[in-house]
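Take a look at the structure below.
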Protein chains: 2
Amino acid sequence: MIKIVLDCFGGDHGPEANVEAAVAALSLFPDLQLVLSGDEPVLRKLLEGKEYDGGRLEFLHAPQVIGCDERPTDVIRLKRDSSMIKAIRLLRDDDSVAAMVSTGSTGALVAAALTRIGRLQGIIRPAFCPILPTMNGGLVGICDSGANVEVTPEHLRQFAVMASLYMENVYGVQKPRVALLNVGKEAEKGDELRQTAYKLLSETAEINFVGNMESRDLLSGNYDVVVADGFSGNVLVKTTEGTALELLKKLKKDIYSKFIYKIGAALMAKMFRDEKDFMNYQNYGGSVLLGTSKVVVKGHGSSKSTAVLKCIEQAYKMQLSDLGGKIEEVICRYDHYEL
Amino acid sequence: MIKIVLDCFGGDHGPEANVEAAVAALSLFPDLQLVLSGDEPVLRKLLEGKEYDGGRLEFLHAPQVIGCDERPTDVIRLKRDSSMIKAIRLLRDDDSVAAMVSTGSTGALVAAALTRIGRLQGIIRPAFCPILPTMNGGLVGICDSGANVEVTPEHLRQFAVMASLYMENVYGVQKPRVALLNVGKEAEKGDELRQTAYKLLSETAEINFVGNMESRDLLSGNYDVVVADGFSGNVLVKTTEGTALELLKKLKKDIYSKFIYKIGAALMAKMFRDEKDFMNYQNYGGSVLLGTSKVVVKGHGSSKSTAVLKCIEQAYKMQLSDLGGKIEEVICRYDHYEL
């Protein structure tokens, strides 16, 4: 059995999306157990009339609600009875709970996870690893993308190892091609951080390091893992999402500007739907936190039930493949570095 | 008269594109003088049969050719008779020459400009400022985007002042809205560099600082200038260009996948052409180097003649508006900082 706690009161679509995802996940994975964190009466009400295996579903009553604009530190300190913080505490204290999924505030979740949940042995800094679709139908993981704005070369090496094992174990990518985000392809490009990291990554036998990547090649399909400091990784991921969304919006607006375009677009309706699906990050699951001693998956705030289901699947697969154990096994070979 | 030296042997489209742009520029701007740098017999041959005011065209014979993969330092040291280096030397030595345009190697051009051409008074670090189109038909300048991978808050303040004056004087943007690239909107987001820069920018009366910008909002039209360190600014610009190009490529491929889509696309042919034009950075000119004592404009390596013409126009307008003088006037008010 794999037991996952689901923070049901995080995202924009409220407990409805989470409860729906929970029911779907239980039927999809026979050895999955779920703990729903949140206002129990509300959750029970939402479950009424739904069919599921009640023996694999528990509740963690958490009546407090976190507001949109609350500071992460305030959430941790003052909202101890919120669905997110109670879920984190359960994850920390209950050995039978393996993972947590939340679509709540990123800042609060990261802060709570980093201070309440320990790190894997040898890991200096846990890091975020979201996934984007590439143009040849593959996926690329970007690590870090926001948990650490300041990093060292050794951090970057650890991000590379973690994300590489993640892509291999959760998405079945063989020998993931790992690249370092840089301002040019040549080994000597970038600042001292990038130059030292390049050397360190080249020397790391456990990863398939293929060199520097320029940001314009992110979606090319030539890379499976991109390693970055949390600041530029964040810029990389959000610029990609933002540009894609803005372009689709513009296309839509332009289509409505002329009658003949509307006819053309009607003939291409399915194609446009496919493009929209393709660029919809909801279809690719959440951003996982790599390096914590227990699995934490952060879904996008706007996640609907299918996106939450993807997040549960990610957490489930990370635990099933013993990703944490595999990361520790590689990292401990390098434990002579700055620990 | 405004005299500009054009490095004719830089880009992928060779001297043909540059010569064509030169002829067009001379007819567009009656008080423009051009110096064509490159292999003079080749340039003269390309000009045969073209109509232009020969009294405003000079040649700077430069027979040496720079290879694609040459290191910037080698170019400066060993290719003293190349079109780029001779143009830089002319710009440095000849008081009558106000500006330079090149579509050659960015690394070599920046290195040569920074070492051969002085800086404006008070400027610590010149910076690159490319332009991207926004979704409401406007433009946004991103400064820095690659010249300085490591920066201080004071550098960022200078980038803000320079880019703000650039958008105002060259593109006529009134009170340009200046934002700081960051991982979140709140003032306390990001590392120490970003937090200190936020404060410094807020205190700078000469700019219209509107706060932090998340990278997904770059094309929103809510900002006229985005200030960034050269590393993340580079990621921001290249990710935007890369995502747009990849998406358009995907659209094209998908259109050809079904007969009915081809019919739909035929009805929308003009629209798709417009979208392609819209996202084609060639239509928005080059990346200007702000802060050097003379104007340097770097066009994209793939620039065709229309793109080179845009670059000449940018250089011309920067000189015409005395952008350098205006930058010095503001910067000198802050010259008590780390100079």
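The values are calculated or read from the model by the stated rules, or taken from the named source; none is laboratory data. The model shown is predicted, which means the values in this text are computed figures rather than measured ones. When we count neighbours, we look across all protein chains shown, and the Cβ atoms used for this are built from the backbone with ideal geometry, even at glycine.
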* Select from segment B:94-118 the residues that are more than 17 Å from the chain's Cα centre (by Cα), outside any loop (DSSP other than H, G, I, E, B) and of a type outside the set (A, V, I, L, M) and list them in ascending order. => B:115, B:116
* To do: Determine whether residue B:186 is within 11 Å of chain A (Cβ to nearest Cβ) and out of contact with any helix residue (DSSP H, G or I) (no Cβ under 9 Å at 6 or more places or on another chain).
  => yes
* To do: Kindly indicate whether any position in segment B:249-263 is within 30 Å of residue A:276 (Cβ to Cβ), surrounded by 16 or more Cβ atoms within 10 Å (Cβ to Cβ) and hydrophobic (A, V, I, L, M, F, W, C).
  => yes
* For segment A:93-129, enumerate the residues that are buried (at least 18 other Cβ atoms within 10 Å of the Cβ) and charged (D, E, K, R). => A:125
* To do: Confirm whether residue A:212 is surrounded by fewer than 17 Cβ atoms within 10 Å (Cβ to Cβ) and of a type outside the set (Asp, Glu).
  => no
* Kindly indicate whether residue B:317 is in contact with a helix residue (DSSP H, G or I) (Cβ under 8 Å, 6 or more places away or on another chain), of a type in the set (D, E, K, R) and closer than 27 Å to residue A:246 by Cβ. => no
* (1) out of contact with any Pro (no Cβ under 6 Å at 6 or more places or on another chain); (2) farther than 27 Å from residue A:290 by Cβ: which one isn't true of residue A:39, the others all being true? -> (1)
* strands (runs of 3 or more DSSP E) lying entirely in segment A:1-93 (those with 3 or more residues that are in contact with a helix residue (DSSP H, G or I) (Cβ under 9 Å, 6 or more places away or on another chain), at pLDDT 95 or above and not hydrophobic (A, V, I, L, M, F, W, C)) -> A:32-38
* So which residues in segment B:295-337 are assigned to a helix (DSSP H, G or I), over 30 Å from residue B:280 (Cα atoms) and charged (D, E, K, R)? -> B:326, B:328, B:329, B:333
* Asked: When the residues of segment A:139-163 are filtered to those that are of a type in the set (Gly, Ala, Ser) and in contact with a helix residue (DSSP H, G or I) (Cβ under 9 Å, 6 or more places away or on another chain), which remaining residue is nearest to residue A:285 (Cα to Cα)?
  -> A:141
* To do: Test residue B:54 against the stated conditions and say whether it is without any contact (Cβ under 8 Å) to a residue 60 or more places away in the chain, in contact with an Asp or Glu (Cβ under 8 Å, 6 or more places away or on another chain) and over 20 Å from residue B:290 (Cβ atoms).
  => no
* What residue, among those in segment B:130-174 that are within 12 Å of chain A (Cβ to nearest Cβ) and of a type in the set (Gly, Ala, Ser), is surrounded by the fewest Cβ atoms within 10 Å (Cβ to Cβ)? -> B:137
* Quick one: how many residues across segment B:215-239 are under 18 Å from residue A:185 (Cα atoms) and crowded, with 24+ Cβ neighbours inside 10 Å? -> 9
* Output for segment A:89-144, where each listed residue is of a type in the set (Ser, Thr, Tyr) and farther than 24 Å from residue A:213 by Cα -> A:96, A:102, A:103, A:105, A:106, A:115
* Do any helices (runs of 4 or more DSSP H) lying entirely in segment A:220-286 carry at least 1 residues that are closer than 22 Å to residue B:215 by Cβ and either of a type in the set (Ser, Thr, Tyr) or more than 8 Å from chain B (Cβ to nearest Cβ) (or both), and which ones are they? -> A:230-255, A:269-279
* To do: For segment A:1-53, name all the residues that are over 25 Å from the mean Cα position of the chain (by Cα) and over 24 Å from residue A:89 (Cβ atoms).
  => A:45, A:48, A:49, A:50, A:51, A:52, A:53
* Only listed residue being of a type outside the set (A, V, I, L, M), surrounded by fewer than 24 Cβ atoms within 10 Å (Cβ to Cβ) and touching a residue at least 60 places away in the same chain (Cβ under 8 Å), chosen from B:206, B:246, B:188 -> B:206
